[in-house]
Amino acid sequence: MNQTDASIGVFPIIIGLLIAVLMIAAMWKVFTKAGQPGWAAIIPIYNIYVLLKVAGRPGWWLVLFLIPFVNIIMTVIVSLDVAKAFGKSGVFGIVGLWLFGFVGYPILGFGDARYQGPARA
């Protein structure tokens with residue numbers, strides 16, 4: 001294995017870590033804007049529970065995230081509700097948060113979007 005092969009393997013890892021740090025920071029800001037603890041962004045499973053609260057959905061929906069194929073539908077619904085909770089459209093929920101969350105969540109967190117309360121109270 002030469003140096004070129006090693007650098008090709010390291011580059012995706014660095015990009016992945018940068019995206020992970022960006023997403024943690026963005027979710028931290030989203031949670032803070034919604035009046036939730038920002039540190040919840042770094043705790044697996046609990047961050048989904050907090051996101052459900054931001055969206056105005058019941059906490060027991062967390063169980064639905066553990067069921068294959070149902071979890072895909074749940075992520076779409078929660079993405080739509082989070083977008084509406086921040087005054088954004090359904091299109092932003094699908095495209096920005098569900099399909100391209102690495103772009104949409106930083107827009108919510110670092111942009112001028114304000115939390116308007118849970119979409120489903």
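For GLY87, the shell of other residues with beta-carbons less than 12 Å away shows a net charge of +3, using +1 for Lys and Arg and -1 for Asp and Glu.
Place a point 7 Å from Cα of THR75 in the direction of its Cβ. Which residues in the range 98-121 have their backbone N less than 11 Å from it? Residues 98-102 qualify, since their backbone N sits under 11 Å from the label point.
Given a Förster distance of 35 Å, report the FRET efficiency between VAL10 and TRP61 from their Cβ-Cβ distance, rounded to the nearest 0.05. That pair, VAL10 with TRP61, gives E of 0.35. The GNM of the chain, with springs linking C-alpha atoms under 10 angstrom apart, assigns the highest mean-square fluctuation among VAL21, VAL103, VAL63 to VAL63. The stretch between LEU17 and VAL91, if pulled fully straight at 0.36 nm per residue, gains 23.8 nm over its current Cα-Cα span. Scaled against 2.2 N^0.38 Å for its residue count N, the alpha carbon radius of gyration of the chain is 1.17. Projecting the Cα atoms of LEU66, VAL91, ILE43 onto the charge dipole of the chain, computed from C-beta unit charges around the Cα centre, puts VAL91 farthest toward the positive end.
The numbers here are math on the coordinates, done by the rules we state, and not lab data. Just so you know, these numbers come straight off a predicted model, no measurement behind them. Using ideal geometry, Cβ is built from the backbone for each residue, glycine included, and neighbour counts are taken over all protein chains shown.
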